[in-house]
Structures are given as structure tokens and as C-alpha cells.
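Have a look at the structure below, then the notes.
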Amino acid sequence: MRFVIVTGMSGAGKSTAMKMLEDLGYFCVDNLPIALIRKFEELSFGSMGKIDKIALCVDIRSGNVAELEAVLDEIPKKEIFFVDAGDETLIKRFKETRRAHPLVTQGRVDEGISIERKELESLKKRADYIIETDNLLTRDLRSEIEKIFVENREYRNLFVTILSFGFKYGIPVDSDLLFDVRFMPNPYYEASLKKKTGNDTEVREFVMSTEVSREFVRKLEDMVQFLIPNYIAEGKNQLVISIGCTGGKHRSVTVANTLYEKLGRNADYGIKIMHRDIGKD
């Protein structure tokens, strides 16, 4: 039996995660009072195989976090899945949905987020899986959940976003690693390639036609492959690798796609690619 505790920050996507787990065949229960969790667990494991996949959502609404942790200590076979997001993302989501934060119904949202993050800090440290949803589309979140709870793949708590962009439109503020590829051959000055993008084979072949470009990609992959295990060991949950050229349509897209293909082979962490400026003039 799999007994999954889904928890995390309000507004981070726990309800969405629970719906996805339900679609994947999990018996889901939301916001069960702490006093009932142990009894629920006993009944579940005593169901003689009738229920073999359970997801239980518990969070700041359920009561005292210290009491919750004490109860979790009594459950030997459990997996803790923590859903998180940055403060700015959470504030934006609360404003868009016009919801009040559960801890400060009459106060400011950011105050509630600060209190909740501090309360849940110890629970996050105990988590078996952590997913931060700031840059995730619904389909990306589902893909990560399937890796963990369907494919049973070994999962490291890191999500890598490879982001192409154009310097003329500004540097991405959430970049962790940033690389400038404006030294590579520029398809913009080729009439037959100017209107195409790095997603097109002709552009990709043009950008990667020199040994300098190929050597850069080899060195970039080698460095990132070295860094990722060290970031994971340090407890980092999100890594944004930004790759920029002038307009964000040709060279940066080519390199971002190439790096994504190389890193994505059998990756035991989450990974996605985004082209921020590919549709701009």
C-alpha cells in the first residue's frame, strides 16, 4: 500500500495535486482533522487490499503542526509530498482568486504566507518529495506526479527549467545560471532563416555548424551535469538555467533545446523547457 501525505503552502497547488492523484486511482481525503489521522491510517491498512493507494491532504488548516508531526511519527509506512511556491507567486494567486489566506482572513496575504512558511518549515524538511510550482503548467505538475506515484522512478527534489530569452527584452529575474550565446553564428542575417526559429532544423544546423558552438554545448552540458547533484545535495529545489541571445528566437532557442535533450535523457529530477521571447519581433 502507498499512504501519501500531501501537504504544503496554501495556494501552491495541493488541491490540484490531489485531483491528479485521484485521477491516477488514489483514494483521496482532504483536510482530515489531526485527531482522526491515526485511526484513518489503521482502517486503511486493515482494508485487506481493498484500498491500496491513499492520498491524505493535511496542512495548516488541520491544526497544530507539532501535533501533526507527532501523529506522522506513529505512521511507519508513509510518503510526504510537499507542494511549495515562492511568496510572490502565492500572493499573485491569492489576489487573482480573491481568496483570503487561512491564517489571516482579515489581514494581509503576505503576513499569512510568512507565518505559514515558518510553521511548515520542519514539515518540509521531512518531505520525501518537494515540488515547487512557480513555473509549472498543469501538465508539467501532472508529469512530475506520474514519475513519482505511477512510474515509481527514483526522484530527486529538484526541478530544472531551461529558459531561452532575448537580451533586448531583459534578463529573466529568476535566473540561477545565465549564459550568453551571442558569439554563435546568427541566422538573423540569413534571408532564408530570419523568419524561422531555433525550433527549425535549418536554423539549428546553422547555429551548430561551427566547432566553437559544438564545443560550447559540450562544456555547458558537462558543467550543468556536475552542478546538479551538488545543488540537490545542498537542498535546492528549483534551478533556472537561462540562455540568451539578442532576440531570443534563434541561437538561444537552439542551445536551450540541445541542452534540454541532453539533460532530459533518463533524468531523475524534473525538467522543462521554455522559450520566453520566441514569438516576439
- Restricting attention to helices (runs of 4 or more DSSP H) lying wholly within the range 201-281, give those where 2 or more residues are open to solvent by less than 10 Å² (accessible area, probe 1.4 Å) and out of contact with any Pro (no Cβ under 8 Å at 6 or more places or on another chain). 211-233, 251-263
- Note on the structure: the range 62-154: helices (runs of 4 or more DSSP H) wholly inside it with 2 or more residues that are over 29 Å from Met274 (Cα atoms) are 65-73, 109-125
- Message: Taking the condition of being over 15 Å from Glu144 (Cα atoms), under 17 Å from the mean Cα position of the chain (by Cα) and assigned to a strand (DSSP E or B), how many residues in the range 2-24 meet it?
- Response: 2
- Query: Of Gly264, Gly270, Gly244, which residue is at pLDDT 95 or above and touching a strand residue (DSSP E or B) at 6+ places or on another chain (Cβ under 8 Å)?
  - Reply: Gly244
- Are any residues in the range 60-80 of a type outside the set (Val, Ile, Thr) and free of Cβ contacts under 8 Å to residues at least 40 places away in the same chain, and if so, which ones? Ser62, Gly63, Asn64, Ala66, Glu67, Ala70, Asp73, Glu74, Pro76
- Message: Under 6 Å between Cβ atoms, which residue pairs at least 6 apart in sequence (or on different chains) link something in the range 1-24 that is among the aromatic types (Phe, Trp, Tyr) with a partner that is open to solvent by 20 Å² or more (accessible area, probe 1.4 Å)?
- Response: Phe3/Lys77; Phe3/Lys78
- Message: Going through Ser209, Ser213, Ser192 one at a time, which residue ends up being without any contact (Cβ under 8 Å) to a residue 12 or more places away in the chain, at negative phi and out of contact with any strand residue (DSSP E or B) (no Cβ under 8 Å at 6 or more places or on another chain)?
- Response: Ser192
- Given (1) among the basic types (Lys, Arg); (2) farther than 24 Å from Arg93 by Cα; (3) open to solvent by 50 Å² or more (accessible area, probe 1.4 Å), index of the condition Lys147 fails: (3)
- Of the residues in the range 155-187, those that are at pLDDT 95 or above, in contact with a Gly (Cβ under 8 Å, 6 or more places away or on another chain) and either open to solvent by less than 70 Å² (accessible area, probe 1.4 Å) or not in a loop (DSSP other than H, G, I, E, B) (or both) come to Ser164, Phe165, Gly166, Phe167, Lys168, Tyr169, Leu178, Phe179, Asp180, Val181
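The values are calculated or read from the model by the stated rules, or taken from the named source; none is laboratory data. Keep in mind it's a predicted model, so treat the numbers as computed, not measured. So basically every Cβ, Gly included, is an ideal-geometry build from the backbone, and we count neighbours across all protein chains shown. SASA here: full protein model, heavy atoms, side chains in, ligands and nucleic acids out. Shrake-Rupley method; radii C 1.70, N 1.55, O 1.52, S 1.80 Å.
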